[in-house]
Amino acid sequence: MNFLTYLISGISLGSVYAIIALGYTMVYGIAKMLNFAHGDFIMVGCYAIFTIVGAFSGSGLGMVIGVIAATVICTAVGVLTERIAYRPLREAGSPLAVLITAIGVSYLLENLALLIFGSDPKSFSSIIKWEGITIASLNIPGVTIVTICVSIIVLVLLQLFIHKTKDGQAMLAASQDRGAATLMGINVNRTISLTFAIGSFLAAIAGALLCSAYPTLNPYTGAMPGIKAFVAAVLGGIGSIPGAMIGGIVLGVIEILGRSYVSSQLSDAIVFAVLIIVLLVKPTGLLGKQIQEKV
Amino acid sequence: GCGSNSGSGSGSGSEGGSSDVFKIGAIGPLTGGAAAYGNAVAWGAQIAVDEINAEGGINGYRIEYKAEDDELDNQKSVNAYNTLKDWGAQFVVGSTTSGCCIAVADESHNDNLFQITPSGSAVDCVKYDNAFRVCFSDPAQGTASAQYIGTNKLATKIAIIYDSSDVYSSGITETFVAEAANQGLEIVSQEAFTSDSKTDFSVQIQKAIDGKAELIFLPIYYSEAALILQQASTMGVTATFFGCDGMDGILGVENFDTSLAEGLMLLTPFSADATDDLTQSFVKKFQEAHDIVPNQFAADAYDAVYAIKAAAEKAGVTPSMSVSDICDAMKTAMTQITVDGLTSSGMTWSAEGEPTKEPKAVVIKNGEYVLAE
Amino acid sequence: MKKILKLNGDLTTYLIVIAAYIIFEILILTGSLSSHMQGLLVPMVYYAIAAVGLNLCVGILGELSIGHAGFMCVGAFSSAIFSNTFADTIPGGIRFFLAFVVGILVSALFGFLIGIPVLRLNGDYLAIVTLAFGEIIKTIINAMYVGVDANGLHMSLTSASDMNMEAGGRTIISGPMGITGTPRDANFTIAIVVLLISLFIVQNLVKSRDGRAIMAIRDNRIAAESVGINITRFKILAFTISAAIAGAAGVLFGHNISSLQATSGNFGYNISILILVYVVLGGIGNIKGSVIAAAILYMLPEMLRGLNTYRMLIYSIVLIAMMLFNWAPSARDWRAKVLSKFSGMRKTGRSSK
Amino acid sequence: MALLDVNNLSISFGGLRAVDDLTFSIEKGELYGLIGPNGAGKTTVFNLLTGVYKPTEGLIKLDGTDITGHTTIDINQVGIARTFQNIRLFKKMSVIDNVKVGLQNDKELSYSTLDGILHTPKYRRIEKEIEQRALSLLAVFGLDEEKDVLAANLPYGKQRKLEIARAMATKPKLLLLDEPAAGMNPNETAELMETIQLIRDKFEMTILLIEHDMKLVGGICERLTVLNFGRVLRQGSTKEVLSDPEVIKAYIGE
Amino acid sequence: MALLEVKDLKVYYGVIQALKGISFHVDKGEIVALIGANGAGKTTTLHTIAGLIKAGSGGVYYKGNDITTIPGHKIVKMGMAQVPEGRRVFADMTVAQNLALGAYTRKNKAEIEDTIEKVYERFPRLRERKGQFAGTLSGGEQQMLAMGRALMSHPDIILMDEPSMGLSPLLVNEIFDIIRSVHEDGVTVLLVEQNAKKALSIADRAYVLETGEIKMEGKASDLLNDERVRKAYLGE
Ligand SMILES: Nc1ncnc2c1ncn2[C@@H]1O[C@H](COP(=O)(O)OP(=O)(O)OP(=O)(O)O)[C@@H](O)[C@H]1O
Ligand SMILES: Nc1ncnc2c1ncn2[C@@H]1O[C@H](COP(=O)(O)OP(=O)(O)OP(=O)(O)O)[C@@H](O)[C@H]1O
Ligand SMILES: [Mg+2]
Ligand SMILES: [Mg+2]
């Protein structure tokens, strides 16, 4: 019984990691960069919703407008960031350069939020009011169900988008060889902008769900979930979209089970230890495909 | 910039400085994850300084005031302290957090510069004779909480949820557990979280439910507590929640559904809803300036500045005295003063640096703090 | 001619460090350095040391590590435990030397043990595992209680009372409180000496057989195997040395401040990343650059203190701008043009690519 | 005894039998050619010989030692070095350092890590020798002028030569060259042919090469194996093989 | 009017000047060969035309438009395709996906299907390997894929960078046959080759590039008989 409760908690937490990881892995797989600012895009989305919902004083309409506005704002922030800070470095020949700039962007967003919204935590009113389903005293929270459903929808849409549409194929091509992609007539800059747009759009959605599940908000809200989602994306296999989903859920479940059955102090260590073990057994993550280099 | 700093720091070193003002510096995390606490301290002290200046200063001398950021990092806290020293600070209010405070105390001890921390609650924060504090020490809070629960028979089955990565929280927990045994309390679960995993508390809460806890002790800060209360309500927890001074501020969390905190008890020296004039005027000024309700950190910092004032006046120090002389005079004066502050009336200090004040147990009723009993 | 120039490449690094040291010492002696600046010197140097160590891993070996703060943590704690335990029995100088030996050996051991399984992974997978190790080390130390009493060493991962020490026992590591009261043996001179030694080790290593083998692995693993280079051996060698140097930085860290805690702010992944920022901004594989970047970037936010709340905001903007200026191809071309205009004499500049 | 003995060698990728029951042997000092249509499995044979792939079946012997399934590193120590079809240089290292890496395992030219870090007299002495050895190898290919250039900045043809020099530095008994003349014009190819012969004669190496340039193959190889769909199509002296109608039909054309 | 015209093109890699002011043109319906030794600047020329590298000075004109500063992807839309040096197939995608990307600029599905069918007819090996990841193809197979992929865009002009490199003699012949037949289908060809003999034998005109400068130009048949060319590039 208890086990089931913990399992559900784990899935709840994992579903939030999963939805963040989906956006993360998108940018990660296509633009081949660790966008360490992804977590902060989420924070931006949360503040957007918080502010707008506050302005509409919590009416149902405010929620809808809030989420829509958040996606617009996040997408804009993502695209602008890419344009100003990442694009000039794309040809620099080192993914590390972009990584460091992403860290700069992360600091920038956090400190902007700190100046605008202050350091005090804000309480977020969940945009999902549904209590969830209760089966024999086991409650599956509404947020969890919604988060999982949204993740699955996002997963399917992303898969379809990447594998079935031209833009998706262009993304894959650009991720492998930008010069050759250009020779196919692909506008690489636009394609990568699009990738960021989608990634940041998803960050806004993830933000809405993150803050609905764990309703507190400060300028650093996105940082830790961002890192965990990154871990989830790697656990699932870099660039693999279903992998990100599974990685997220698995990570959440391990975290909760580790905390409940082993040690609550060491739960972070347990999560990371499991990650290491998985990678040692399967060096490209759960669903990552091992592409052998042709010699 | 650094140029001007090194100018004032040179020559006379940090001894003296301009002789017509007192300089008070505050240290705390003004950016980063703990910024809420550091800013509270910086702003609380600022209000006290402004009031004192408006009333003619200390011994007739105006106070200049400055807050420095330490990002919750010991080394940076020392850097901040050094900056203040270069600036010519004669009194330091800080550091806000225990670890930083201990690191800074080592420096201030070497310099023999007077230090009073509003909120550094670890034992070692005041281990030197130049360092004092306004808040209770961790052991004092842990013990007091257990005693209060025991004496008032609030519960016998207790669950604890604490931040094992935080000095304050684990410090209180340790003494609470020790005292709980004396009080005949049963700890049914003692579960931790860390600064890296403080979003999901379902396991900790579930263990409390499983242990049939009647009271859940939360020796943690209000930002995490707000989240715990929210999650606990969805999990159907009926136990009473009991917190310490870090819990104060929970009603000030913007947009927080205060009904979740209904029945929450906390052992705190300060509550922003207190009806006395001092509190009211402080809260009003604070809200006007920063748009949020002040918490106990702000109140402690406010009291710290008034303690400096009282002791400085008692000792009759002047800005022209050297930092070390001021400190020596303050050390004795601190044990002789009585301060009626926000966090307690009739506060006195021992030579060890510990305050004597009455913890108030308050309970939240109808979204407001009410004195318990 | 060229050869002399090349030799000077390494020498200049030492010269820059020594010159900086002399300048700072003069400033201190003449009393013209503020206490704030004086307090920054040792941290600045230990971050430079950590950056040199990390550059060996990232620039020379070509493996991204975001867990080097973990090695610093190990170095800091192991040496601080040592110094604390023998604070009264061994005299200062020797004790600090031994503390270095302990800190370096223990972090090297960790580097070695972690390297064996981890270095089989590639690219970002390796990065994430180093991050994981760093976090595990931090989490465990943060939850660890260690004490000594008449019966020897006691340890617990839950609380001080669980160590079951006899009365009169002394707690050395006290959970999140970490270690307090470590003798503050570190000073600027010693830090500079350690930096010079690290530079000496890394720069010389790069010019030796082993260094070439390490770089060959970085450039093309398959080709390196084809000429008989033992990939595992050299990866572990480089990683271990890199960890040991980070450990040495940790020793300085632990002995520069009396209160040492394994917090995220001290040894979390973000600190690993901070060190990585120094490495990348200074130029991947450019050892001298790491030292300079570490010095500048450590100082920068401190110099910005006057800006109060805008401090970290400005810092982040400066960081982004510096990255763009240093790395963006367009900025590089522009710089090359400006440079060639200024130094008409050096017409035959070599391409940096 | 033959230097290289390959018996019934096979490997499959999924369903594809890239090399199928291959048997051949090379005598010491021979210049042997491996030819065949694109995708016939030639490069795969090299990968099997050098331990990059493990064979599904079969036996490989070098100088009497069984090296089947050994690691690339071990096989190089035993005496096989190679070049790659897609050039694999240490791009961010100088030309001479590329060759020096090839000298890594030379017992006479080794010193300890500590010597290397401390730059002891031993280090200085041996490094000098390494430098000389590397230079003399570069000289064979006329690359000594460019010794300090970054390998990545060399033009294509010189990159191929550098790769051969690096492989030779490991003093292999058997040198495998994968399309050494690809991307070279006829003049450069002619020059390369001379160099290859020189390597064989002066350095006493046995050479197995893959090449599509019939001029080169016909000009310097003594014996050939023709692969087609992973199987041996024809094997024998160059002259015989190249005039074989089946080989012409499957590979040469016209 | 020339279909493609390059005027006084100079290109730099940092401080290295790779092209020192070359001019040439390709008329509609021609096969023009560009031959030259290693490092002469042939690939640089093609990359600059296609907009992958920025020109230092000079101009590139295509169909009467100045395309010197037009981004590469737009040039492709104008009907220019390239078979790049070293094939540069998308290694982690299948043969079929690679081909589909070749038709990225085209809209009409039926026509695309048609072209795919044609490509498979030209290169039966590609049909066999439809589902294989391009990265695991043999060198020759990759070359075919690169060529097929370029044809997928249904270009007016196709730039080929050493298409015969690494191919078996039979295939080299085949590739040149294909080039010829592609040309017969109305595609203009600019051919960069080390295999000067073959290139000159199918080209109408040719240019000889040496260390960034055009040293000779003329009718391919004339160059084929030119003493200097024979010596320097045909190995005779
Ligand atoms: N790792 C691999 N996975 C799947 N198939 C492979 C792999 N390596 C090679 N192949 C296949 O094996 C066959 C032989 O490839 P190989 O590279 O040996 O050909 P080759 O004879 O060298 O051709 P070329 O002359 O074109 O280089 C090809 O069909 C190729 O697609
Ligand atoms: N990215 C680069 N950076 C610096 N120099 C370069 C770069 N690419 C090419 N070069 C140099 O520019 C010159 C022309 O190179 P290019 O690749 O155009 O020659 P090519 O005629 O195509 O030769 P090949 O027959 O070898 O393909 C060469 O000297 C080469 O070394
Ligand atoms: Mg091959
Ligand atoms: Mg070329």
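The values are calculated or read from the model by the stated rules, or taken from the named source; none is laboratory data. Just so it is clear, the model here is predicted, and its values are computed rather than measured. All Cβ positions, even for glycine, are placed from backbone atoms using ideal geometry, and neighbour counts span all protein chains on display.
For region D:20-77, taking the residues that are in contact (Cβ under 8 Å) with a residue 60 or more places away in the chain and among the basic types (Lys, Arg), the one that is nearest to ligand 2 (Cβ to nearest atom) is identified as D:Lys42. Taking the condition of being not in a strand (DSSP E or B) and not basic (Lys, Arg), how many residues in region E:171-213 meet it? Here the count works out to 27.
Go through region E:142-170 and count every residue that is in a loop (DSSP other than H, G, I, E, B), more than 14 Å from chain D (Cβ to nearest Cβ) and within 16 Å of ligand 2 (Cβ to nearest atom).
Count: 0.
Please determine whether any residue of region A:148-169 is crowded, with 21+ Cβ neighbours inside 10 Å, over 30 Å from A:Arg190 (Cβ atoms) and either in contact (Cβ under 8 Å) with a residue 60 or more places away in the chain or within 14 Å of chain B (Cβ to nearest Cβ) (or both). Looking through region A:148-169, at least one residue is crowded, with 21+ Cβ neighbours inside 10 Å, over 30 Å from A:Arg190 (Cβ atoms) and either in contact (Cβ under 8 Å) with a residue 60 or more places away in the chain or within 14 Å of chain B (Cβ to nearest Cβ) (or both). One residue stands out in region B:249-283 among those that are within 21 Å of A:Phe124 (Cβ to Cβ) and in contact with a Phe, Trp or Tyr (Cβ under 6 Å, 6 or more places away or on another chain): the one that is surrounded by the most Cβ atoms within 10 Å (Cβ to Cβ), namely B:Gly249.
D:Glu204 meets all of the listed conditions (1) among the acidic types (Asp, Glu); (2) at pLDDT 90 or above; (3) more than 16 Å from ligand 1 (Cβ to nearest atom) but one, namely (2). You will find that of A:Val253, A:Val278, A:Val271, the residue that is surrounded by 24 or more Cβ atoms within 10 Å (Cβ to Cβ) and under 22 Å from the mean Cα position of the chain (by Cα) is A:Val271 and no other.
Only residues that are more than 18 Å from C:Ile217 (Cα to Cα) and in contact with a helix residue (DSSP H, G or I) (Cβ under 7 Å, 6 or more places away or on another chain) were counted across region D:84-109, and they come to 2.
In this structure, B:Ile116 does not satisfy being surrounded by 24 or more Cβ atoms within 10 Å (Cβ to Cβ), more than 20 Å from the chain's Cα centre (by Cα) and either assigned to a helix (DSSP H, G or I) or aliphatic (A, V, I, L, M) (or both). For region D:182-197, does any single residue satisfy the condition of being within 16 Å of the chain's Cα centre (by Cα) and within 16 Å of ligand 4 (Cβ to nearest atom)? Within region D:182-197, one or more residues are within 16 Å of the chain's Cα centre (by Cα) and within 16 Å of ligand 4 (Cβ to nearest atom).
Across region E:178-212, the qualifying residues are those that are of a type in the set (Asp, Glu) and within 16 Å of ligand 4 (Cβ to nearest atom), and the one among them that is farthest from the other protein chains (Cβ to nearest Cβ) is E:Glu210.
The test for being more than 9 Å from every other protein chain (Cβ to nearest Cβ), surrounded by fewer than 19 Cβ atoms within 10 Å (Cβ to Cβ) and within 16 Å of ligand 1 (Cβ to nearest atom) does not hold for D:Lys61.
Among the residues examined, E:Arg122 qualifies as under 19 Å from E:Ser181 (Cα atoms), of a type outside the set (Gly, Ala, Ser) and away from ligand 3 (no atom under 16 Å from the Cβ).
Which of the residues that make up region D:164-186 are of a type outside the set (A, V, I, L, M, F, W, C) and in contact (Cβ under 8 Å) with a residue 60 or more places away in the chain?
Those that are of a type outside the set (A, V, I, L, M, F, W, C) and in contact (Cβ under 8 Å) with a residue 60 or more places away in the chain: D:Arg166, D:Thr170, D:Lys171, D:Pro172, D:Lys173, D:Asp178, D:Glu179, D:Pro180.
Of the helices (runs of 4 or more DSSP H) lying entirely inside region D:135-254, those containing at least 2 residues that are more than 16 Å from ligand 3 (Cβ to nearest atom) and closer than 26 Å to D:Leu103 by Cα span D:156-169, D:186-203. Against the conditions (1) part of a loop (DSSP other than H, G, I, E, B); (2) in contact with a strand residue (DSSP E or B) (Cβ under 9 Å, 6 or more places away or on another chain); (3) buried (at least 16 other Cβ atoms within 10 Å of the Cβ), A:Ile145 satisfies every one except (1). Among the residues of region B:161-210, none is identified as at positive phi and either crowded, with 22+ Cβ neighbours inside 10 Å or in a helix (DSSP H, G or I) (or both).
Evaluating B:Ser95 against the criteria (1) under 23 Å from B:Ala329 (Cα atoms); (2) not in a loop (DSSP other than H, G, I, E, B) leaves one unmet condition, (2).
Every test in (1) of a type outside the set (Phe, Trp, Tyr); (2) buried (at least 24 other Cβ atoms within 10 Å of the Cβ); (3) more than 8 Å from every other protein chain (Cβ to nearest Cβ) is passed by B:Ser98 save one, and that test is (3). Output yes when any residue across region A:92-107 is within 14 Å of chain B (Cβ to nearest Cβ), assigned to a helix (DSSP H, G or I) and out of contact with any Lys or Arg (no Cβ under 6 Å at 6 or more places or on another chain), and no when none is. Yes: one or more hits.
Can you tell me which residue in region D:70-116 is farthest from the other protein chains (Cβ to nearest Cβ), limited to those that are within 30 Å of E:Leu167 (Cβ to Cβ) and over 18 Å from the mean Cα position of the chain (by Cα)? Ranking the candidates gives D:Val95 first. As an exercise: evaluate A:Leu96 against (1) over 20 Å from C:Asp124 (Cβ atoms); (2) buried (at least 19 other Cβ atoms within 10 Å of the Cβ) and give the number of the one condition it does not meet. A:Leu96 satisfies all of (1) over 20 Å from C:Asp124 (Cβ atoms); (2) buried (at least 19 other Cβ atoms within 10 Å of the Cβ) except (1). Screening E:Val83 on (1) more than 16 Å from ligand 4 (Cβ to nearest atom); (2) touching a residue at least 60 places away in the same chain (Cβ under 8 Å); (3) not charged (D, E, K, R) shows it passes everything except condition (1). Contact map, region C:217-238: residues that are without any contact (Cβ under 8 Å) to a residue 60 or more places away in the chain paired with residues that are surrounded by fewer than 21 Cβ atoms within 10 Å (Cβ to Cβ) and basic (Lys, Arg), Cβ distance under 7 Å, separation 6+ or inter-chain. Pairs shown: C:Asn220/D:Arg88; C:Ile222/D:Arg88; C:Ala223/D:Arg88; C:Ile231/C:Arg221.
Could you list all residues from region D:170-187 that are buried (at least 21 other Cβ atoms within 10 Å of the Cβ) and either of a type in the set (D, E, K, R) or more than 16 Å from ligand 2 (Cβ to nearest atom) (or both)? D:Thr170, D:Pro172, D:Leu174, D:Leu175, D:Leu176, D:Leu177, D:Asp178, D:Glu179, listed by residue number. Residues of region B:204-240 that are closer than 18 Å to B:Gly142 by Cα and in contact with a Gly (Cβ under 9 Å, 6 or more places away or on another chain): B:Phe217, B:Leu218, B:Pro219, B:Ile220, B:Tyr221, B:Tyr222, B:Ala225, B:Thr240. Scanning region A:166-199 for residues that are under 11 Å from E:Leu101 (Cα atoms) and either in a loop (DSSP other than H, G, I, E, B) or touching an Asp or Glu at 6+ places or on another chain (Cβ under 7 Å) (or both) gives A:Met184, A:Gly185, A:Ile186.
Residues considered: D:Val19, D:Val95, D:Val99, D:Val6. Of these, the only one that is closer than 30 Å to D:Val241 by Cα, out of contact with any His (no Cβ under 7 Å at 6 or more places or on another chain) and buried (at least 24 other Cβ atoms within 10 Å of the Cβ) is D:Val19.
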